[in-house]
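To keep things clear, I will list the structure first and then write my remarks on it.
The values are calculated or read from the model by the stated rules, or taken from the named source; none is laboratory data. These numbers come from a predicted model, not from an experiment. Reconstructed Cβ throughout: ideal geometry from the backbone, glycine too, with neighbour counts over all protein chains shown. Heads up: the accessible areas ignore ligands, DNA and RNA and are worked out on the full protein's heavy atoms, side chains in. Shrake-Rupley method; radii C 1.70, N 1.55, O 1.52, S 1.80 Å.
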Amino acid sequence: MWVGSRARDAYGYKLWYSGVQKGKNGVGILVDRELTESMVEVRRVNDRLMTIKLVVRECTLNVVSAYAPHAGMDEEVKWRFWEGLDEIVRQVPPAERLFIGGDFNGHIGWSAGGYSEVHGGFSYGERNGGGTSLLDFAKAFGLVIPNSSFQKRDEYLVTFQNTVAKTQIDYLLFMRCDRGLCKDCKVIPGEILATQHRLLVMDVGIILKRNKRYV
């Protein structure tokens with residue numbers, strides 16, 4: 001990950017990123033060049049959280065990139081991460097749309113188990129503490145996790161794999177009221193973002209009104 005809080009061109013896209021120490025933490029958001037003129041705000045909270053706001057016609061989109069501390073980190077570090085994400089979500093007006101994506105370093109588990117309004121019942125592995133934290137957060141803010149909402153083979157659910165293990169730790173979230181917008185969510189097995197993470201994609205359909213013309 002690049003160090004600093006900057007933006008750069010990336011093969012027809014624009015990348016906004018935030019990182020403090022090379023090879024440690026860091027978040028970024030990649031935007032199609034055609035949408036860069038719709039950008040109205042970039043907020044780099046720290047090297048674990050950043051958010052952008054786009055206004056496309058009458059639709060305002062808030063996109064958040066998150067990187068949660070792993071299980072072995074100090075509890076204070078974890079608390080600061082969730083407090084930061086909490087603040088971001090609280091600042092999004094109800095009329096605007098919210099999409100969160102990131103490495104949450106937790107397993108929500110294959111079963112919804114008490115979180116049916118958040119968890120779609122199609123996930124991977126066993127739940128752990130990090131996964132419970134994510135589920136509690138989503139439940140508190142009326143969010144859903146779409147990569148648990150579509151029945152898939154394991155290869156389309158596993159987001160992280162190395163020589164000793166394969167897990168699901170990367171998730172996408174959006175408001176429960178927008179659940180009908182999501183047509184599909186899955187991992188692309190052949191696409192690798194880093195040496196261990198796989199590309200997680202979501203198909204969302206938002207109908208935009210045509211601009212009215214007056215004579």
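Miscellaneous remarks
- Overall dimensions of segment 41-126 by Cα: Rg and Dmax, Å: 14.9, 44
- Rounded to the nearest Hz, the phi-derived 3J(HN,Hα) couplings of segment 72-78 under the Karplus curve 6.51 cos²θ - 1.76 cosθ + 1.60 (θ = phi - 60°) are x, 6, 4, 4, 5, 5, 5, where x marks glycine and proline.
- Percent carbon-and-sulfur accessible area, the chain, ignoring ligands, DNA and RNA, probe 1.4 Å: 51
- 3J(HN,Hα) couplings calculated from phi for segment 117-129 with the Karplus curve 6.51 cos²θ - 1.76 cosθ + 1.60 (θ = phi - 60°) are, in sequence order, 6, 10, 9, x, x, 10, 9, 9, x, 9, 5, 10, x Hz; Gly and Pro show x.
- Rolling a 1.4 Å probe over the heavy atoms of the protein chains gives the chain an accessible area of 57 Å² per residue.
- Rg/Rh (Cα only; Kirkwood hydrodynamic radius) as it applies to segment 78-150: 0.96
- Those trypsin sites (Lys or Arg not before Pro) in segment 20-104 that DSSP places in a loop and that have at most 15 other beta carbons within 10 Å: Lys22, Arg57
- Qualifying aspartates and glutamates (Cα of each under 18 Å from Cα of Lys14; at least 8 residues distant if same chain): Asp32, Glu34, Glu37, Glu41
- For q = 0.11, 0.15, 0.18 Å⁻¹, Debye-computed log10 I/I(0) when each Cα of the chain counts as one equal scatterer: -0.53, -1.03, -1.52
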